[in-house]
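Worksheet for the structure shown next.
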Amino acid sequence: MSLGLLALASLLVPLLIHLARRHHYAPLEFAALRWLRAKARPRQRVRFDEWPLLLVRLLLLAALALLLARPLLHGAPVQTPPWVVVAPGVGVPALPAGSEGHWLAPGFPPLQDAAPVATQPLASLLRELDQTLPAGTALTVYVPDPMPGLDGERPRLSRAVQWRPVAAPVAPAVQDNAPQLRVAGTDQDATALRVLDAVQRAWSGRPLGAPLAAGAVPEEGQFGVWLADAPLPPAWHDWVAAGGRVLTRSAKVAQGDGTAVLRDASGQTALVRHALGRGQVLRFTAPLSPDALPMLRDPSFPRRLLEQLQPLSTPQLAPAASQRPLTGASAPVQQPRDLANWLLVLVVLLFALERWMATARRRGAGA
């Protein structure tokens, strides 16, 4: 760019040519005038003839020099309409006047297109969109609640967004390899069995299986449920220590304080995790009945319990309100605008004007 600006020195060329081509008047003395008193000659002043043509030529050379320098316009404000993005699976809302609607999907296709299949975590797409849109563009985001497509970190954007969670049903995990509960223990009450049956149906769509026979332990991949208010028998103890997982409501099974892993809406602890060898003991803090453990009435309880027994791989579901993007990320870098096209148009117009003025002057001199 600096080398291109050196071409501005060519502005001196038309100035020098213009001065060199000025009309010179040679003095001619008459005999009768030699007796007159000599007077001081008037000082010569630099005078520019045809100054409009000279100005056009100077502007033409300046535009050519700037074109060679290829200037870029940084920080130019870009006016863009507000964006409304909708995650696949959410119904298309009514768009405000003057806004653009797009799917929250790779490429951010317009909402007029068919809903794409989500192949990228929604949180990652939000970060990408934030760095794509110019700074200052208003953004409204519609996501399902609970929200899938997490990537392990709450998104942080450079702008505040209008967060619009839309309630969406959670499909039960009906599949052949769904986890299976196996119940054992002599203290089996009907209320606890109904709760466990509802949990099993939410996981797999199938009812709770028959209780295990005395002395039997769950098979590999199954979850044990110990309902007796007594310590685990040796066979169960060895099974858990080898990597099994067991649910219980007996404090005689777990050792130590443990770690609270589930809390109800009021903040009360509902489930505590204890380590036993390579396995886990998950102990309920109250009997398995909705009156003693209000969390059982929560429709999300089966899913939250499954996440503790068998952690889901990302992306996983989470309440949409908890995934509202944070602010504080670096603002997107605006790409500078290239002025070469505009300068090229200016050069063509100035050249045409210069040729018109120059030929008009010659036509006038010939007349």
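The values are calculated or read from the model by the stated rules, or taken from the named source; none is laboratory data. Remember, predicted model here, so these are calculated numbers, not experimental data. We place every Cβ from the backbone using ideal geometry, glycine too, and count neighbours over all the protein chains shown. With ligands, DNA and RNA removed, areas are computed over all heavy atoms of the protein, side chains included. Shrake-Rupley method; radii C 1.70, N 1.55, O 1.52, S 1.80 Å.
For the reader, a short list of remarks on this structure follows.
- With a cut-off of 15 Å between beta carbons, the residues surrounding P82 carry a summed charge of 0, where Lys and Arg count +1 and Asp and Glu -1.
- Taking the C-alpha atoms of region 230-291, convex hull volume expressed per residue in Å³: 81 Å³
- Summed residue charge, Cβ within 14 Å of P218's Cβ, Lys/Arg positive, Asp/Glu negative: -1
- Dipole of region 125-264, positive direction: furthest Cα of V225, V246, T137, with charges on the beta-carbon: T137
- Ordering L296, L339 by accessible surface, largest first, gives L339, L296; the 1.4 Å probe counts only protein heavy atoms, with every chain in place.
- Phi-based couplings in Hz for region 267-274 (Karplus 6.51, -1.76, 1.60; Gly and Pro marked x): x, 6, 6, 10, 9, 10, 9, 10
- With viscosity 0.692 mPa s and temperature 37 °C, the Kirkwood radius over alpha carbon pairs of region 124-268 converts through Stokes-Einstein to a diffusion coefficient of 171 µm²/s.
- What the Cα convex hull of region 192-317 gives, in volume per residue, is 118 Å³.
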